[in-house]
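Everything on this sheet refers to the single structure shown next.
What follows draws every value from the coordinates through simple rules; no lab data is involved. This structure is a prediction, so every number in the text was calculated from the model and none was measured. We place every Cβ from the backbone using ideal geometry, glycine too, and count neighbours over all the protein chains shown.
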Ligand SMILES: [Zn+2]
């Protein structure tokens with residue numbers, strides 16, 4: 001299936017990690033391999049992190065990148081590896097595997113992880129894997145909207161307070 005991500009139409013010749021300009025040939029090759037435009041170095045880095053990633057987190061990551069979100073996959077934040085991290089919105093996304101619901105220890109580790117991240121100014125968004133599995137496009141749309149809201153608090157602040 002030939003697929004050109006909508007959000008890359010205006011900058012389709014640039015790497016979606018480092019913005020390096022890509023030749024049309026490298027662009028097509030990268031889309032074919034990864035569904036996303038990467039330069040050689042970023043493509044290699046993405047390949048390595050995608051092999052470690054939870055497959056559903058990877059699917060969600062790809063959809064967020066297609067929507068122009070500056071997300072990073074399998075990001076080490078000093079305490080833990082986060083499934084997807086969006087630095088500019090200060091949001092971490094964890095895609096929850098089913099067994100997390102059944103382990104009190106895991107739930108406590110998640111809460112502690114969220115607390116540590118919050119102390120660094122990061123909000124942790126936990127997305128159940130069933131949402132990614134069965135409703136990927138809508139989930140990615142809503143998260144993108146969430147991130148847009150998170151990024152623009154200053155301009156809307158006065159309007160919010162007037163209500
Ligand atoms: Zn790059």
Over region 7-52: Rg over Rh, Cα atoms, Kirkwood Rh:
0.95
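Quick one: if the Förster radius is 30 Å, what FRET efficiency do residue 104 and residue 79 give, using the C-beta to C-beta distance and rounding to 0.05?
Numbers: r = 20 Å, r/R0 = 0.68.
Working from the Cβ atoms, E equals 0.90.
Relative contact order for region 82-136: what percent, with Cα pairs under 8 Å and sequence separation of 6 or more? Can you show the working numbers first?
Values: 53 pairs, mean separation 22.2, N = 55.
Once normalised by length, the contact order is 40 percent.
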